[in-house]
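The values are calculated or read from the model by the stated rules, or taken from the named source; none is laboratory data. Keep in mind that this is a model prediction, so the values were computed, not measured. Here the Cβ positions follow ideal geometry from the backbone for every residue, glycine too, while neighbour counts run over all protein chains shown.
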Amino acid sequence: MPLADPVALTSELVRFETVNPPGEERACAQRIGQLLEAAGFTVAYYEFETGRTSLVARLDGSGEGPPICFTGHIDVVPLGRAAWSRDPFAGERDGDRLFGRGTTDMKAALAAIILAATRLASLPRKTGIELVFTAGEETRCEGSHHLAAQPGALGEAGAIVIGEPTANVPLVGHKGLVRYLIKTTGVTAHASMPEEGDNAIHKIAEVVRRLERFAFGVAEHPVMGSPTLNIGTITGGLNINSVPDEAEIGVDIRTIPGQTAEGIQDRLKTALGGEATVTNIASEDSVVTDAGDAWVQEVYDVMEPLLGQRPEPATAVYFTDGSVLKPAYGGPPTVILGPGEPTCAHKTDEYCSVAKLESSTEAYLEIMRRWCGV
Ligand SMILES: [Zn+2]
């Protein structure tokens, strides 16, 4: 079957319901693999759980030099509570807008990558390309972590394009994240005799006050700015007529390059004193590439006429598989660039601009052509 245009292919991919949880990416991954195999790619599938399928597709070049990697995730987020005014799994078009869960984040980009790559496959080229389509990105990047842990699953990459929604504006990275549970303990007693107990909630309140003044002790990053800290949860106490003997908060920190989970944990312990225990429960690296990098400038050259102005160094507010894939490939220059509307991601009545989808397909092909020496 001949390949559809990017709008038809995006609609087809949207019709595979890959809402995560539970994910169920296998059927969509197999359809992508079938299209790429027909164009001459070698395709391998990897499942981190039954039906949770990522794929890696390779196309060789005739000469030396590492391939360029294009990547995107197959899963989409749940629909949310509000009713949709369109069928979220139909991929309906209305003027410039293509509606559906995952149009913006990020099946439009998958379609653009697939079509650009299949066109490249019919051209002579010196270097190859490697396409990585992951399962489970929206939860904790399980698919990319699984690929990175499988010897040989990922080949080489001299540069990476992550197709997350940027409205076709190339971005040079994003913050990382670390999360901690911070707990205080005390001694329970009857509420009528609080002096006999030791109140864990009073202690966690002091922790919260200290965190409001917490200083990371790092210089502002020229593009990303400063790290942030948010206390997102608080629990403590079992009943109102007892002195609570345990209280806990959940803290989410968005990091800039140079910060580590261990370094921040040490700093938290010093700031909070001995009364609180700090447990690290999640950590993902920030991603950054110098905007002065020659290849990043070449991406800017490709995008400048499409955008009507030269891109400025900027980073994404969200998190991507790049935290896993960039280090797994040895840290090549990486840009986040995709046709989706960043303001539409994860929302009710999510849509993608058809014009941006079409121009991103051309832009991806041009980025591939320049890298591969076509
Ligand atoms: Zn996404």
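Tabulated results
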{"read-out": "Candidates G340, G330, G292, filtered to the one that is in a loop (DSSP other than H, G, I, E, B) and within 16 Å of the ligand (Cβ to nearest atom)", "value": "G340"}
{"read-out": "Tally, over region 171-215, of residues that are closer than 27 Å to S359 by Cα and within 16 Å of the ligand (Cβ to nearest atom)", "value": "3"}
{"read-out": "Options V278, V335, V317; residue that is in contact (Cβ under 8 Å) with a residue 40 or more places away in the chain, out of contact with any Asp or Glu (no Cβ under 8 Å at 6 or more places or on another chain) and surrounded by fewer than 16 Cβ atoms within 10 Å (Cβ to Cβ)", "value": "V317"}
{"read-out": "Single condition Q34 does not satisfy, out of (1) more than 18 Å from L115 (Cβ to Cβ); (2) more than 20 Å from the chain's Cα centre (by Cα)", "value": "(1)"}
{"read-out": "Total residues in region 191-213, condition over 20 Å from N230 (Cβ atoms) and not aliphatic (A, V, I, L, M)", "value": "9"}
{"read-out": "Single residue of F48, F89, F70 found to be within 16 Å of the ligand (Cβ to nearest atom), in contact (Cβ under 8 Å) with a residue 60 or more places away in the chain and either part of a strand (DSSP E or B) or among the hydrophobic types (A, V, I, L, M, F, W, C) (or both)", "value": "F70"}
{"read-out": "Among residues of region 190-209, those that are surrounded by 17 or more Cβ atoms within 10 Å (Cβ to Cβ) and assigned to a loop (DSSP other than H, G, I, E, B), counted", "value": "2"}
{"read-out": "Filter result for E358 (over 16 Å from Y300 (Cβ atoms), in the same structural domain as L110 (by TED's automatic domain parsing) and more than 19 Å from the chain's Cα centre (by Cα))", "value": "yes"}
{"read-out": "Qualifying residue in region 143-164 (condition: within 16 Å of the ligand (Cβ to nearest atom), surrounded by fewer than 24 Cβ atoms within 10 Å (Cβ to Cβ) and not in a loop (DSSP other than H, G, I, E, B))", "value": "yes"}
{"read-out": "Test set (1) outside the structural domain of T184 (by TED's automatic domain parsing); (2) in contact with a helix residue (DSSP H, G or I) (Cβ under 6 Å, 6 or more places away or on another chain); (3) in a loop (DSSP other than H, G, I, E, B) - L306 fails condition number", "value": "(3)"}
{"read-out": "Condition check for G65: in a loop (DSSP other than H, G, I, E, B) and away from the ligand (no atom under 16 Å from the Cβ)", "value": "yes"}
{"read-out": "Unique residue being under 30 Å from F70 (Cβ atoms) and outside the structural domain of V132 (by TED's automatic domain parsing) when the list is M224, M193", "value": "M224"}
{"read-out": "Criterion: of a type in the set (V, I, T), surrounded by fewer than 24 Cβ atoms within 10 Å (Cβ to Cβ), farther than 17 Å from V161 by Cβ and away from the ligand (no atom under 16 Å from the Cβ) - qualifying residue of T53, T42", "value": "T42"}
{"read-out": "Pick from region 338-363, criterion touching a Cys at 6+ places or on another chain (Cβ under 7 Å) and surrounded by 24 or more Cβ atoms within 10 Å (Cβ to Cβ), ranking: nearest to I160 (Cα to Cα)", "value": "P339"}
{"read-out": "Answer from T118, T139 - the residue that is more than 14 Å from the ligand (Cβ to nearest atom) and not in a loop (DSSP other than H, G, I, E, B)", "value": "T118"}
{"read-out": "Hits in region 313-327 (condition: away from the ligand (no atom under 12 Å from the Cβ) and under 16 Å from I68 (Cα atoms))", "value": "L325, K326, P327"}
